[in-house]
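Asker: The structure follows.
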Amino acid sequence: MAITVLGIESSCDETAASVCIDGKIFSNIIASQDIHARYGGVVPELASRAHMQNILPVVDQALLKAGLCLSDISAIAFTQSPGLIGSLLVGAQFAKSLAFSLAIPLIAVHHMQAHVLANLICETDSLKSPGFPFLCLTVSGGHTQIVICNSPSHLEVIGETLDDAAGEAFDKSAKLLGLPYPGGPLVDRYASDGNAGRFHFPEPRIPGLNFSFSGLKTSILYFIQNEKEKDTGFVEKNLADICASIQGRIISILLNKLKKASAQTGIKNVCLAGGVAANKGLRKAFEETGKAMGWKTFIPKMEYCTDNAAMIALTGYYKFIDQSFSPLSVTVSARADW
Ligand code: KG4
Ligand code: ZN
């Protein structure tokens, strides 16, 4: 009998649902919450409220697109951690209620594991996916990690950020430039017309495979303050070059550590994941680095990089195979512990 998993994602400001049948994705529905843009960041209470409004129609659409009804589902997978507690609670309560009423298993999924496993998503048989073990650089709004993935259920974090995540580095830099939230995609867009060598921002010296982005943020702040004292229109006149230079530095910080991780582990199957993996400059530089280093490189499709439920449903599928189910008493957690 087919294993049909309904995945639900609600860890931050995206309400999403997806259907995965025997490891293949049949629907991937996402409702984004535009309301946060006017506040310059995600407002947790508003996010929870929007999840409550969106979750039913999103799940309905995911089932409709897959041509299924509730009685076809084998299990419900949901994001259990990490994330905003109120947001997680909406998805978790919905998943629990549905699992209880249908008398089917409930599967708690770690959001960061799911981002990594997005590299295994296939919609057709022809799509290639990485063999094990593979290295994954996961770069999102809340996390920056290098992970060894030995199998879908055996992941090992070998490097992570000590302060800001790569997505925060993008968003906070964008805010300093007066761009609206979330600034990452806008920095990406302006950077494509800019000269990355025009302005220099220092690379932090962090030992091992860990990252730090707080120093970069401070250097950008002082740089902008200094230049604005000389010319109040400096940012507007040089926006593309500033964005390209900031983006270039973030990319070099990320890829230098990834090269180090590959050299240390000897793993040459290398993947990207997370919202920042949607960045065009990073995708290009990652492919170029891969070619130069003799890696086999993999990047999920754009819709599977940013928060989505397909990655939750697929992780749920692997956990279903392992019979790794959760009791209805399982609680959500804001923390990222694996
Ligand atoms: O993985 P994700 O959707 O949510 C979290 O789990 O955090 O990542 C969101 C982050 C935000 O910081 C957003 O600005 C960043 O990904 N992001 C980008 C781009 N698209 C999304 N950053 C740079 N360039 C992009 N094109
Ligand atoms: Zn995420």
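Asker: Is one or more of the residues making up region 66-79 open to solvent by less than 10 Å² (accessible area, probe 1.4 Å) and touching a Pro at 6+ places or on another chain (Cβ under 6 Å)?
Answerer: Scanning region 66-79 turns up at least one residue that is open to solvent by less than 10 Å² (accessible area, probe 1.4 Å) and touching a Pro at 6+ places or on another chain (Cβ under 6 Å).
Asker: Here are Gly208, Gly194: which of them is open to solvent by 10 Å² or more (accessible area, probe 1.4 Å), without any contact (Cβ under 8 Å) to a residue 60 or more places away in the chain and either under 24 Å from Ile76 (Cβ atoms) or within 16 Å of ligand 1 (Cβ to nearest atom) (or both)?
Answerer: Answer to the selection: Gly194.
Asker: Any residue at all in region 298-310 that's among the hydroxyl-bearing types (Ser, Thr, Tyr), open to solvent by 30 Å² or more (accessible area, probe 1.4 Å), under 15 Å from Leu137 (Cα atoms) and within 16 Å of ligand 1 (Cβ to nearest atom)?
Answerer: yes
Asker: Give region 93-114 a look and list any residue that's within 14 Å of ligand 2 (Cβ to nearest atom) and assigned to a helix (DSSP H, G or I), or say none.
Answerer: Those that are within 14 Å of ligand 2 (Cβ to nearest atom) and assigned to a helix (DSSP H, G or I): His111, Met112, Gln113, Ala114.
Asker: Please find, within region 263-289, the residue that is nearest to ligand 1 (Cβ to nearest atom) out of those that are crowded, with 21+ Cβ neighbours inside 10 Å and assigned to a helix (DSSP H, G or I).
Answerer: Per the stated criteria, the residue is Gly275.
Asker: Only one of (1) hydrophobic (A, V, I, L, M, F, W, C); (2) farther than 30 Å from Gly316 by Cα; (3) away from ligand 2 (no atom under 16 Å from the Cβ) is not met by Phe170, so which one is it?
Answerer: Phe170 satisfies all of (1) hydrophobic (A, V, I, L, M, F, W, C); (2) farther than 30 Å from Gly316 by Cα; (3) away from ligand 2 (no atom under 16 Å from the Cβ) except (3).
Asker: Report yes if His143 is touching a Ser or Thr at 6+ places or on another chain (Cβ under 8 Å), within 16 Å of ligand 1 (Cβ to nearest atom) and modelled with pLDDT of 95 or more, otherwise no.
Answerer: no
Asker: Another question, if that's okay. So which residues in region 80-91 are surrounded by fewer than 23 Cβ atoms within 10 Å (Cβ to Cβ) and in a helix (DSSP H, G or I), if there are any at all?
Answerer: Scanning region 80-91 gives Ile85, Gly86, Leu89.
Asker: Can you say whether Lys257 is within 13 Å of ligand 1 (Cβ to nearest atom), basic (Lys, Arg) and either assigned to a strand (DSSP E or B) or within 21 Å of Glu203 (Cβ to Cβ) (or both), as far as the supplied structure shows?
Answerer: no
Asker: Follow-up. Any idea which of Leu98, Leu120 is more than 16 Å from ligand 1 (Cβ to nearest atom), under 16 Å from the mean Cα position of the chain (by Cα), buried (at least 16 other Cβ atoms within 10 Å of the Cβ) and touching a residue at least 24 places away in the same chain (Cβ under 8 Å)?
Answerer: Of Leu98, Leu120, the one residue that is more than 16 Å from ligand 1 (Cβ to nearest atom), under 16 Å from the mean Cα position of the chain (by Cα), buried (at least 16 other Cβ atoms within 10 Å of the Cβ) and touching a residue at least 24 places away in the same chain (Cβ under 8 Å) is Leu120.
Asker: Going by what's in this entry, would Asp22 be described as in contact (Cβ under 8 Å) with a residue 60 or more places away in the chain, touching a helix residue (DSSP H, G or I) at 6+ places or on another chain (Cβ under 8 Å) and open to solvent by 70 Å² or more (accessible area, probe 1.4 Å)?
Answerer: Answer is yes for this residue.
The values are calculated or read from the model by the stated rules, or taken from the named source; none is laboratory data. Keep in mind the model is a prediction, meaning the values are calculated, not measured. Virtual Cβ from ideal backbone geometry, glycine too; neighbours counted across all protein chains shown. Just so you know, the surface numbers come from the protein's heavy atoms only, side chains and all, with ligands and any DNA or RNA stripped out. Shrake-Rupley method; radii C 1.70, N 1.55, O 1.52, S 1.80 Å.
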